[in-house]
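**Q** A single structure is presented below for examination.
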């Protein structure tokens, strides 16, 4: 076995990252279910009230940002661990940027 390969295989950092990857795969599955629930609730709210719910819009944006953060970590595009290791994502910036794109 080459020394580099042996070092890579026995690297505690690599195995610790692997544990975090497994943890965030499970969290991602839960976050996706929550995202689907937001979709259904927003649809029902819109059907019955004729307008979107601002709280659901903000929460949905935060959940989508969180899912994006998880994917970035899982695909090694960042070493920053998502919530709960960092603050919950702020959705306000996305809300302002997409305000014009929303349905009336």
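Any read-out appearing in this document is the output of simple, stated calculations on the displayed coordinates, not a laboratory observation. Given the structure is predicted, the values throughout are model-derived calculations rather than measurements. Glycine also receives a Cβ, built like all others from the backbone with ideal geometry; neighbour counts cover every protein chain displayed.
**Q** Under the rule a/c < 1.5 gives rounded, and otherwise a/b versus b/c splits prolate from oblate, where does the stretch 1-44 land using the Cα gyration tensor?
**A** Since a/c reaches 1.5 and a/b is larger than b/c, the shape of the stretch 1-44 is classed as prolate.
**Q** If you average 1/r over all unlike Cα pairs in the stretch 3-101 and invert the result, what Kirkwood radius do you get in angstrom?
**A** 15.5
**Q** Counting only C-alpha contacts under 8 Å and six or more residues apart, can you give the relative contact order of the stretch 3-101 as a whole percent?
**A** 23
**Q** May I pose another question? Beta carbons within 10 angstrom, averaged per residue: use that to sort the peptides 14-24, 60-70, highest first. Could the numbers behind the result be given before it?
**A** Working: 14-24: 12.3, 60-70: 18.7.
Per-residue mean Cβ counts within 10 Å order the peptides as 60-70, 14-24.
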